[in-house]
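Shown next, in structure tokens, is the structure this report addresses.
FYI, it's all coordinate maths here, none of it is from the lab. As the structure is a computational prediction, the values presented were derived from the model and not from experiment. So basically every Cβ, Gly included, is an ideal-geometry build from the backbone, and we count neighbours across all protein chains shown.
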Amino acid sequence: MIVEEIYLKGCFVLTPQVFEDERGFFFESFNKKNFEAETGVTVDFVQDNQSKSSKGVLRGMHFQTGKYVQAKLIQVIKGKVLDVCIDVRKKSPTFGKSFSVILDDIEHKQVYIPKGFAHGFLVLEDDTIFSYKCDNFYNKESESGILYSDKDMNIDWDFPLDKLIISDKDKQLPTFKDFLNEY
């Protein structure tokens, strides 16, 4: 596995070694010992989540707060997404900076997102299956987020905004400035 730490401290892109032949393919999607050796991050995942979405669905930008803050290891099982994370750690030198990457079922890349990041993704193919591991349990009262279209974040979704399929809840998320005032 190739592990690359990106410019957002503690955030990694992982590219597995994929073995292919006439039967299909095989790769190791997670190995705790190797992950910790390559990243220096000790992790104990306690919850796995999956979603299936149509092209144009945007989910995000979400995060948990307080004692329920979560680190995530994300991947696409089937299809393709534009995956985005924002550093919301106030003491981080990259606070307010974002990162995006295409994840698909061809390269099988994964992204490790540490605690203190907002996360979201835009589905680029129908019937996409998105999967992620969390190191803490979900808690409804601790959920928060940042508006996907926030002008200060200036995220390039590279998709017509009027064609996005977004939940009412995600349309009501605060802007980054409102988030700053809240915390």
(request) Return the sequence-ordered ³J(HN,Hα) values of segment 32-46 in whole Hz as given by the Karplus equation 6.51 cos²θ - 1.76 cosθ + 1.60 applied to θ = phi - 60°, using x for Gly and Pro. (result) 3, 4, 5, 4, 5, 5, 7, 9, x, 9, 8, 9, 9, 6, 10
(request) Quick one: pull the percentage of alpha-carbon pairs in segment 94-182 with a separation above 20 Å. (result) 45
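Would you calculate, for the chain, the mean residue ellipticity at 222 nm contributed by helices, counting each DSSP H stretch of 4 or more residues as -39,500 (n - 2.57) and dividing by all residues, to the nearest 500?
Details: 3 runs with 19 residues, N = 183.
After summing the helix terms and dividing by residue count, I get -2500 deg cm²/dmol.
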(request) For I77, enumerate residues with amide H under 5 Å from its amide H, sequence gap 5+ or separate chain, H modeled in the peptide plane. (result) I129, F130, S131
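Return F121, F25 ranked ascending by Cβ neighbour count within 10 Å, so the fewest neighbours appear first. List each step's numbers first, then the result.
Values: F121 27, F25 11.
In increasing order of surrounding Cβ atoms, one gets F25, F121.
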(request) With θ set to phi - 60°, apply the Karplus curve 6.51 cos²θ - 1.76 cosθ + 1.60 along segment 2-13 and write out the HN-Hα couplings as whole Hz, x wherever there is a Gly or Pro. (result) 9, 10, 10, 7, 8, 5, 8, 3, x, 9, 10, 9
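In the structure displayed, which of K52/K140; K67/K151; K151/K177; K32/K78 lie more than 18 Å apart, Cα to Cα?
Working: K52/K140 21 Å; K67/K151 29 Å; K151/K177 10 Å; K32/K78 23 Å.
Check vs 18 Å cut-off fails for K52/K140; K67/K151; K32/K78.
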(request) Treat the count of other C-beta atoms within 10 Å as a stand-in for reagent exposure and order D83, D126, D48, D162 from fewest to most. (result) D162, D48, D126, D83
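Would you mind working out the magnitude of the charge dipole of the chain relative to its Cα centre, with +1 at each Lys and Arg C-beta and -1 at each Asp and Glu C-beta, to the nearest 20 Debye?
On the way: 24 positive and 30 negative charges, 142 e Å.
Using Cβ point charges on Lys, Arg, Asp and Glu, the chain gives about 680 debye.
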(request) Quick one: among R59, R89, R23, which has the greatest mean-square fluctuation in a GNM of the chain with alpha-carbon springs under 10 angstrom? (result) R23
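I'd like the per residue volume of the convex hull spanned by the Cα atoms of the chain, given in cubic angstrom.
On the way: hull volume 22.4 nm³, N = 183.
Here the figure is 122 Å³ per residue.
Kindly state, to the nearest 0.05, the FRET efficiency for K52 paired with D21, given R0 = 30 Å and r defined as their beta-carbon distance.
Taking R0 as 30 Å, the efficiency between K52 and D21 is 0.60.
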